[in-house]
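Data block below; observations after.
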Amino acid sequence: MTSDWSLAALFADFHDKIERELATARRLGHPTEKGDASEQVWNDVLNHYLPHRYESRKGFVVDSRGAFSQQIDVIIHDRQYSPFVFSFKGTDVVPAESVYAVFEAKQELTVTCSPDCYQSEVESGSFMMVD
């Protein structure tokens with residue numbers, strides 16, 4: 001069977017699409033809008049490709065003691081078995097027990113902005129670890 005399909009070409013096009021969307025976000029004039037747009041690019045990609053049990057969104061995480069995180073750009077959490085704690089007009093609070101991953105959406109990563117310069121709240125001890 002002969003095929004004109006190329007998985008490498010499809011992924012290259014997908015990569016180019018994400019790169020263009022992030023470049024457009026960087027061109028927005030207001031810093032908050034730049035950040036919101038680039039976060040949404042990543043959340044859209046993750047929500048499209050993750051199994052429907054999981055969801056990606058920006059928001060806050062709350063642990064069982066009631067301690068809140070700072071605002072997190074991308075939270076990947078279990079949407080199927082763990083409901084929101086609170087959601088109002090784009091402000092979402094996700095229970096820590098449902099969180100699988102979090103990350104920040106940065107406009108660029110430089111030598112002065114390495115992963116070592118970001119210490120998560122979990123590592124700093126201000127947020128409770130969940131086994």
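The lysines within cross-link reach of Lys106, meaning a Cα-to-Cα straight distance under 19 Å and a gap of 8 or more places when in the same chain, are Lys17, Lys34, Lys58.
Each label point was placed 7 Å from the Cα along the Cα-to-Cβ direction; for Asp36 and Leu7 their separation is 3.9 nm.
Bridges between two residues of the range 11-119, per DSSP, are antiparallel at a rate of about 80%. Most tightly packed first, judged by the mean number of other beta-carbon atoms within 10 Å of their residues, the peptides 49-60, 24-35, 91-102 read 91-102, 49-60, 24-35.
What is the calculated FRET efficiency for Ala101 to Thr24, with r their C-beta to C-beta distance and R₀ = 41 Å, to the nearest 0.05? In this case the efficiency is close to 0.95.
Each value in this text was obtained by applying a stated rule to the coordinates, not by laboratory testing. What you are looking at is a predicted structure, and each value in this text was computed from that prediction instead of being measured. Because the Cβ atoms are built from the backbone with ideal geometry, glycine has one as well, and the counts that use them run over all protein chains shown.
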